[in-house]
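Novice: Attaching a single structure in structure tokens format; questions to follow.
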Amino acid sequence: MRIDPNKRPTTHVAIGSLVDIIRWNLNLADDDGLHETWEIVGFDETDIEIGKIGYNAPLAKAIIGLQAGDISDELILGNQTWEIEVVALHAHT
């Protein structure tokens with residue numbers, strides 16, 4: 001499923017969103033957070049190398065429905081526990 005960039009969701013994270021996040025590692029006392037930008041796409045469009053994650057990926061599931069300024073519930077990826085902060089949603093790439 002291709003999303004027209006002119007119709008990209010910008011009020012909340014959804015399939016088609018281009019979103020800036022900060023991943024906070026709760027296992028580290030002195031974590032500055034990982035600043036990342038991801039596009040939420042269909043599972044068949046996933047390409048981590050260019051910043052596209054499928055809507056069914058754990059990170060995407062944790063932030064779908066959130067708005068800028070929201071923080072996800074705790075998310076375990078590998079052996080690390082994270083909180084994900086949605087910083088911004090973008091209309092265009």
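Novice: Can you tell me which residue is modelled with the highest pLDDT among those in segment 12-31 that are open to solvent by less than 40 Å² (accessible area, probe 1.4 Å) and polar (S, T, N, Q)?
Specialist: That would be ASN25.
Novice: Within segment 25-52, how many residues are over 17 Å from THR10 (Cα atoms), of a type in the set (A, V, I, L, M, F, W, C) and touching a strand residue (DSSP E or B) at 6+ places or on another chain (Cβ under 7 Å)?
Specialist: Of the residues in that region, 3 qualify.
Novice: Kindly list the number of the only condition in (1) outside any strand (DSSP E or B); (2) under 16 Å from ALA91 (Cα atoms); (3) under 11 Å from the mean Cα position of the chain (by Cα) that fails for GLU39.
Specialist: (1)
Novice: Moving on. May I ask you to verify whether GLY65 is of a type in the set (Gly, Ala, Ser), out of contact with any Phe, Trp or Tyr (no Cβ under 6 Å at 6 or more places or on another chain) and at positive phi?
Specialist: Values: of a type in the set (Gly, Ala, Ser): yes; out of contact with any Phe, Trp or Tyr (no Cβ under 6 Å at 6 or more places or on another chain): yes; at positive phi: yes.
Considered against the rule, which asks whether it is of a type in the set (Gly, Ala, Ser), out of contact with any Phe, Trp or Tyr (no Cβ under 6 Å at 6 or more places or on another chain) and at positive phi, GLY65 comes out as yes.
Novice: Considering only segment 13-44, state which residues are without any contact (Cβ under 8 Å) to a residue 12 or more places away in the chain and of a type in the set (Asp, Glu). Let's see the steps before the verdict.
Specialist: Let us first name the residues in segment 13-44 that are without any contact (Cβ under 8 Å) to a residue 12 or more places away in the chain, namely 28-32, 44.
Answer for segment 13-44, where residues must be without any contact (Cβ under 8 Å) to a residue 12 or more places away in the chain and of a type in the set (Asp, Glu): ASP30, ASP31, ASP32, ASP44.
Novice: I would also like to ask the following. Would it be correct to say that LEU34 is under 18 Å from ASN79 (Cα atoms) and surrounded by fewer than 12 Cβ atoms within 10 Å (Cβ to Cβ)? Before you say what the answer is, go through the steps one by one.
Specialist: Working: under 18 Å from ASN79 (Cα atoms): yes; surrounded by fewer than 12 Cβ atoms within 10 Å (Cβ to Cβ): no.
Here the answer is no, as LEU34 does not meet what is asked.
Novice: Shifting gears a bit: For segment 53-81, give me each residue that is of a type in the set (D, E, K, R) and either part of a strand (DSSP E or B) or touching a strand residue (DSSP E or B) at 6+ places or on another chain (Cβ under 7 Å) (or both). Working first, answer last.
Specialist: To start, the set of residues in segment 53-81 that are of a type in the set (D, E, K, R) comprises 61, 70, 73-74.
Selection gives ASP70, GLU74.
Novice: Restricting the search to segment 39-86, which residues are under 16 Å from ASP20 (Cα atoms), open to solvent by 40 Å² or more (accessible area, probe 1.4 Å) and among the hydrophobic types (A, V, I, L, M, F, W, C)?
Specialist: Correct list: ILE48, ILE50, ILE64, ALA68, ILE71.
The values are calculated or read from the model by the stated rules, or taken from the named source; none is laboratory data. All of these numbers come straight from a predicted model, not from anything done at the bench. Positions of Cβ are generated from backbone atoms using ideal geometry, with glycine treated the same way; all protein chains shown enter the neighbour counts. Calculation scope for accessible area: heavy atoms of the full protein, side chains included, ligands and nucleic acids excluded. Shrake-Rupley method; radii C 1.70, N 1.55, O 1.52, S 1.80 Å.
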